[in-house]
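To keep things clear, I will list the structure first and then write my remarks on it.
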Amino acid sequence: MTQRQLAMVIDLNKCIGCQTCTLACKSQWTDRGGREFMYWNHVETRPGKGYPRDWQQAGGGWEGDKLKPGRLPRLAEDYGIPADFSFDATLFKEGEQPLRPTEPMQWGPNWDEDQGAGEFPNGYFFYLPRLCNHCTKPACLAACPRQAISKREEDGIVLIDQERCRGYRYCVAACPYKKIYFNPLAGRSEKCIFCYPRVEQGIPQACAYQCVGRARHVAYLDDREGAVHRLVNEWKVALPLHPEHGTQPNVYYVPPLSPATFDANGKPTGQPRIPDDYLVELFGPAVKQALAVLQREIARKEKGEASALMDMLIAYKHGDMFRLGRPPEQRS
Amino acid sequence: MKASRREFLKATGASSLSLMLGGTYSLRVLAQSQDAMVQHEYSGWENFHRNQWSWDKKTRGAHLINCTGACPHNVYTKDGVVLREEASKDIAPMPGLPEYNPRGCNKGVCGVDYQYGPHRIKYPLIRVGERGEGKWRRASWDEALEMIADKIVDTIKNEAPDCISVFSPVPAVAPVSFAAGHRFAHYIGAHTHTFFDWYGDHPTGQTQTCGVQGDSCETADWFNAKFIILWGANPSITRIPDAHYLSEASLNGTKIVSISPDYNASSIKADQWLHLKPGTDGALGMAMAYVIIKEKLFDVHGVKEQTDLPYLVRKDNQRFLRESDVVANGSTGKFYAWDAKTGKAVIMKGCWGDEPAQKGPPVAFMGRNTNTFPKGYIDLGDLDPALEGTYKIQLKDGSSVEVQPVFDILKTRIMKQNTPEAAAAVTGIPAKVIVQLAKDYATAKPAMIISGGGTNHWYYSDVLLRVFHLLSALTASEGKNGGGLQHYIGQWKPTFLPGLAALAWPETPAKQRFCQTTIWTYVHAEVNDEMLNSNIDTNKYLRKSIATKQMPLLPANGRDPKVFIVYRGNYLNQAKGQKYVLRNLWPKLELIVDINIRMDSTALYSDIVLPSAHWYEKTDLNVTMEHTSINMTEPAIKPMWESRTDWQIFQALAKKVEESARRKKFERYNDEQFKWVRDLTNLWNQMTMDGKLADDEAACQFILDTAPQTKGITMAMLRDKPQRFKGNWTSPMQEGVPYTPFKNYVVDKKPWPTLTGRQQFYFDHDTFFDMGLELPVYKGPINADKFPLRFNTPHSRYAIHSTFKDNVQMLRLQRGGPSVEMAPADAKARGINDNDWVEVWNDHGKVICRVKVRKGEQSGRVSMWHTPELYMDLIEGSSQSVCPVRISPTHLVGNYGHLVFRPNYYGPGGTQRDSRVEVKRYIGATPMPL
């Protein structure tokens, strides 16, 4: 086991689906060199097929002490070929060539944006940001025949050694979250590196530090002062995604509340429109208790009472969302 | 370690490369590999990513586009190449409130894409093909500027200076760039354009009610509300850096109700979503007023002191009772209320005809300057104005009339017309839900209405905003932190306006020609608005307004515009009535010049295109109404290719006009309208104040020094960190307190800058009577287009108007191009499947694009994210093809107290969303893969 585990909590009640994290990540790490199709971090609309398409049905993870079979997503059908355009022909050459993807898009990382499930006016959706979970029991690591995947002692970040990797893609199949991508140009598999160069300098990950919804907390799991420990272990309102895969993810989610449904006469019922069953499917049975705690604490605030939990989630000071155990000053 | 690796491979049989991993992988294997990991020595590859996250230069950056974010960023550069940007997170926090940091968005982290992207304009270009075709030849700066200068001089000489038209919007985001072309126009005599009204963003109803161009709280104040109605506002998409205040307020116990026809990214965060039928918001609002009045939930003192509702109206002619009716030589600008204590009609203090001892200078964004009235001036004191009853008044001719307070008239109408049951039938929201909403809103203190584009782009948006204001006034919510009507649409607030004006129009705005862009477009593009279908003759009102100089039309004397210089704006792409603009206006323009960082649609349809410096290649300021800190940008690198800053481009053009004027022996001309002998050979000195403002940064500092709101702030201070304004528009700046408007009137009790000196709900003006708009009332959406589906054009999370529409990263997170969204039932009824090509049309034009069938969209309406570039993946047209320019007659009023034309203060908008269309599956040839 690693000595310490850096972990993240994402508050889904604060995520607005703006994709700032997605592009903060992409513009830093993956906008070139065969990585165009890959989103180490992305935000998908739930319920939905997600990205890569149907990743929840693609297997991977653990069944007891055994790795479950997994399927490799296909580039065109499941990830979507990243649209490319001929700006020069459209803007700087004669003829009326529109700015059109050279290959029509049939699927993409956000194809079903804002769709969700259910029928108007009781439909529902919410946003789920996803990145590598830097699992405590990483299936990818176990699956790699090259031992190219390692988990760092000092912070538990799971990395693929780009010199050892030969692109066999067992890790891609083994990851139940399908958060490892094969770079066809480099011939290697790549994934979220939890921004270790930033973390090493005490700066939070690009996705977390730039999150304008102010939804992400980052701290070491064993840091009792950190928001992650308090939200995960004390308040128990932050839960891992699909815990049943057995990889022990280290990205946790505060589950989403939702507006009331309407009855047949158009009156609000007071019942949240996201069915509990669906949230149980994603976050396990503990989600019901987590939602109850959230509702209880919000009600306290409404009555003018104090709530340490709500204050932590509100995060008055941005700096309080992060405890990386190093000086927080940004390098200049 | 090597041994364990061999064992690992053997144990797993991995060499078979079977990717369907079976049970051969076990915890044992995991344990083995973890052992291996412990022993693993990090190899050099990790330095690859460490090197990727390194830089040798950090500069200030802002995104100088038509965005309300004003998000301070750092820009990181390495070896002379700009790598990326990141929110600088250094806006000072306020106690007890979540801080503004980080401010940014998905587009903001891709700002560098326009610097190095394929859209960039590198050199001056001169068109050699057809307009819009994209066939160019590279030109030198000298050649391009000489062509433009010669045409300018010829046009002044042979036509008139007002045949030259300069369009550049939104000064708040880049005031020096904005001022460049305006200052140039100012000295040559050309006219410039309004934009806030033209974009449909102007809260006309607020100007009517409050006598200000518009004002809203900074978004940190949302957190102070106890109850928030998101009314036609979708901040999760359109105000990305501010939306966190809603979720944080919610976690803090604030109730949020989202009123929107569709279930959108902000509705999902609300406690309750109310899906009314599109355009029926006014019916809901008036029914809420019904409940608030009927249940006596309104603030009686606030209504009596802060509104014109106690003012007396003559029953014989429906006009306000004026002093001139009662007293010989009385003022037409003084109005009465009935004092219940003394049983007498008394003149209310602070009306238009009431002058302060020391008259303040005119203020561009206010109907009149009431700042020099003493504090407490409109305090009621012992006065108790009656809200109801009929009274008899003796007029100066000895006759008598019956009078009645505005409130009484309004209440009678509301009780008759606006029952919750009636509203339920119109809106589709059950009466009981309306009643509860009204009670919740009226009893929560403070309560805030946040409105947005969804309620501001209708033909009758002005009266809809007056309905919102009525709710806000009844509950005495204005001028209080956490309360009020707060509208967010448009980037309209250059808080340092006096400094900006001094730079843009140095001889004062009074000596600058401004056209009203909506009227300019409507007339010169010869738009058919089809409003006769709704029995409204726009031209009748328009002709009168222009003839009586209530609103301007330029060029004067029936001339056509000849030269059009557009920069920092995408006029053509954003133009409502786009079909008419291309067909009728464009051919009148003999020279179209576009100055731009990228080839947008207006640039593509221009004759000469000049390359402008990117935001990270120049120095400028950047502010917004959404927070109160000033932000700046500075060069990370020198302007790329042959680009120059706008400030330098117009200086260079000024020099070329000097040369041309000399060459053509047309050095001076007499501008009769302003009695101004203009010297075309001294332009550069005028542009730069004899060289003192030649430098971009000097111009920035000039603005800061000249505006009282920023005096004392230096560029060096802004480089260090964003600095908060020292003053503001209608409330003082208070340390540690978020800005919210109207405290000058509500707290300090100075007169509101309206005709009545109060929040004004009654308009005794012919046009308002004609239109049935003398009081707040529900006016439904118009049905002038005889088509079945309403056409909604909301703003996208992936673009700021047209900017970033063509960004590759944004397109990959969508579907690669524009689409129209429709409800499953509407699609099914038309045999349309998701991602099909569809034809959307009405009598104004047609757009052919892809469709997205969206579950959250309400049946009976289609939505198209507004204004994709004309050259995007569309078979025909764009979102503006089916939108005409529709002018509301009440917006043309310019002769009624605080209702006068001033650029961006008051004027017609053009009603973006009151169009109707039909949609069918497109069965023509669809594009093949390229």
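The values are calculated or read from the model by the stated rules, or taken from the named source; none is laboratory data. Everything quoted here is computed from the prediction, not taken from an experiment. Quick reminder, even Gly has a Cβ in these numbers, built from the backbone with ideal geometry, and neighbours come from all protein chains shown.
Below, the figures for the structure above:
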{"item": "Inter-residue pairs, beta-carbon under 6 Å, first in contact (Cβ under 8 Å) with a residue 24 or more places away in the chain and facing chain B (nearest Cβ under 7 Å) and in region A:157-168, second surrounded by fewer than 18 Cβ atoms within 10 Å (Cβ to Cβ) and in a loop (DSSP other than H, G, I, E, B), 6+ apart", "result": "A:Gln162/B:Trp45"}
{"item": "Entirely in region B:611-684, the strands (runs of 3 or more DSSP E) that have 1 or more residues that are surrounded by fewer than 16 Cβ atoms within 10 Å (Cβ to Cβ) and touching a Lys or Arg at 6+ places or on another chain (Cβ under 7 Å)", "result": "B:668-671, B:676-679"}
{"item": "Count of region A:31-72 residues which are farther than 30 Å from A:Asn122 by Cβ, within 10 Å of chain B (Cβ to nearest Cβ) and among the hydrophobic types (A, V, I, L, M, F, W, C)", "result": "4"}
{"item": "Total residues in region B:380-421, condition more than 20 Å from B:Tyr762 (Cβ to Cβ) and assigned to a helix (DSSP H, G or I)", "result": "2"}
{"item": "Candidate set: region B:854-867, residues that are under 20 Å from A:Asn110 (Cα atoms) and more than 9 Å from chain A (Cβ to nearest Cβ); chosen: the one surrounded by the fewest Cβ atoms within 10 Å (Cβ to Cβ)", "result": "B:Trp865"}
{"item": "Candidate set from region A:6-30 (those that are among the charged types (D, E, K, R) and within 21 Å of A:His229 (Cβ to Cβ)); member that is farthest from the other protein chains (Cβ to nearest Cβ)", "result": "A:Asp11"}
{"item": "Selection from region B:251-267 of residues that are closer than 18 Å to B:Gly483 by Cβ and either crowded, with 24+ Cβ neighbours inside 10 Å or more than 8 Å from chain A (Cβ to nearest Cβ) (or both)", "result": "B:Thr254, B:Ile256, B:Val257, B:Ile259"}
{"item": "Identity of the residue in region A:73-118, of a type in the set (Val, Ile, Thr) and part of a loop (DSSP other than H, G, I, E, B), that ends up farthest from the other protein chains (Cβ to nearest Cβ)", "result": "A:Ile81"}
{"item": "Hey, A:Glu234 out of contact with any helix residue (DSSP H, G or I) (no Cβ under 6 Å at 6 or more places or on another chain) and either basic (Lys, Arg) or more than 24 Å from B:Leu246 (Cβ to Cβ) (or both) or not", "result": "yes"}
{"item": "Near pairs, Cβ below 8 angstrom, 6+ apart or cross-chain, from region A:122-134 (at the interface with another protein chain (Cβ under 7 Å from one of its Cβ atoms)) to any residue that is outside any loop (DSSP other than H, G, I, E, B) and among the basic types (Lys, Arg)", "result": "A:Phe125/A:Arg46; A:Phe126/A:Arg46"}
{"item": "Only listed residue being buried (at least 22 other Cβ atoms within 10 Å of the Cβ) and either at pLDDT 95 or above or of a type in the set (Phe, Trp, Tyr) (or both), chosen from A:Ala117, A:Ala139", "result": "A:Ala139"}
{"item": "Residue within region A:50-66 that is at pLDDT 95 or above and closer than 30 Å to B:Tyr245 by Cα present", "result": "yes"}
{"item": "Residues that are within 14 Å of another protein chain (Cβ to nearest Cβ) and small (Gly, Ala, Ser), drawn from region A:249-289", "result": "A:Ser258, A:Ala260, A:Ala264, A:Gly266, A:Gly270"}
{"item": "Residue ID - surrounded by the fewest Cβ atoms within 10 Å (Cβ to Cβ), chosen from residues in region B:276-322 that are out of contact with any strand residue (DSSP E or B) (no Cβ under 8 Å at 6 or more places or on another chain) and of a type in the set (Lys, Arg)", "result": "B:Lys296"}
{"item": "Answer from B:Glu130, B:Glu146 - the residue that is surrounded by fewer than 24 Cβ atoms within 10 Å (Cβ to Cβ), more than 30 Å from B:Val623 (Cβ to Cβ), over 27 Å from the mean Cα position of the chain (by Cα) and within 14 Å of chain A (Cβ to nearest Cβ)", "result": "B:Glu130"}
{"item": "Of the criteria (1) at the interface with chain A (Cβ under 8 Å from one of its Cβ atoms); (2) outside any loop (DSSP other than H, G, I, E, B); (3) at pLDDT 95 or above, which one B:Gly96 fails", "result": "(2)"}
{"item": "Residue among B:Val862, B:Val851, B:Val808 that is among the β-branched types (Val, Ile, Thr) and out of contact with any strand residue (DSSP E or B) (no Cβ under 6 Å at 6 or more places or on another chain)", "result": "B:Val808"}
{"item": "Tally, over region B:469-490, of residues that are within 9 Å of B:Ala447 (Cα to Cα) and small (Gly, Ala, Ser)", "result": "5"}
{"item": "Residue pairs meeting the criteria (Cβ under 6 Å; at least 6 apart or on separate chains; first under 16 Å from B:Pro903 (Cβ atoms), in region B:543-554; second part of a loop (DSSP other than H, G, I, E, B) and of a type in the set (Gly, Ala, Ser))", "result": "B:Gln550/B:Gly894; B:Met551/B:Gly894"}
{"item": "Those residues of region A:119-147 which are touching a helix residue (DSSP H, G or I) at 6+ places or on another chain (Cβ under 7 Å), part of a loop (DSSP other than H, G, I, E, B) and closer than 30 Å to B:Ser260 by Cα, in sequence order", "result": "A:Phe125"}
{"item": "From the options B:Ala424, B:Ala442, residue that is within 14 Å of another protein chain (Cβ to nearest Cβ) and either surrounded by 24 or more Cβ atoms within 10 Å (Cβ to Cβ) or assigned to a helix (DSSP H, G or I) (or both)", "result": "B:Ala424"}
{"item": "Residue list for region B:216-258, restricted to those being among the charged types (D, E, K, R), part of a helix (DSSP H, G or I) and out of contact with any Ser or Thr (no Cβ under 6 Å at 6 or more places or on another chain)", "result": "B:Glu248"}
{"item": "Subset of region B:581-613 (residues that are of a type outside the set (A, V, I, L, M, F, W, C) and more than 21 Å from B:Met872 (Cβ to Cβ))", "result": "B:Asn584, B:Pro587, B:Lys588, B:Glu590, B:Asp607, B:Pro611, B:Ser612"}
{"item": "Tally, over region B:829-862, of residues that are closer than 23 Å to B:Ala265 by Cα and in a loop (DSSP other than H, G, I, E, B)", "result": "9"}
{"item": "Residue that is farthest from the other protein chains (Cβ to nearest Cβ) [pool: residues in region B:771-811 that are over 21 Å from A:Ile16 (Cβ atoms) and not in a loop (DSSP other than H, G, I, E, B)]", "result": "B:Phe791"}
{"item": "B:Met810 aliphatic (A, V, I, L, M) and within 24 Å of the chain's Cα centre (by Cα)", "result": "yes"}
{"item": "Residue, nearest to B:His63 (Cα to Cα), within region B:108-127, restricted to residues that are within 8 Å of another protein chain (Cβ to nearest Cβ) and assigned to a loop (DSSP other than H, G, I, E, B)", "result": "B:Val112"}
{"item": "Residue in region B:885-893 that is more than 18 Å from B:Gly910 (Cα to Cα) and touching a residue at least 12 places away in the same chain (Cβ under 8 Å) present", "result": "no"}
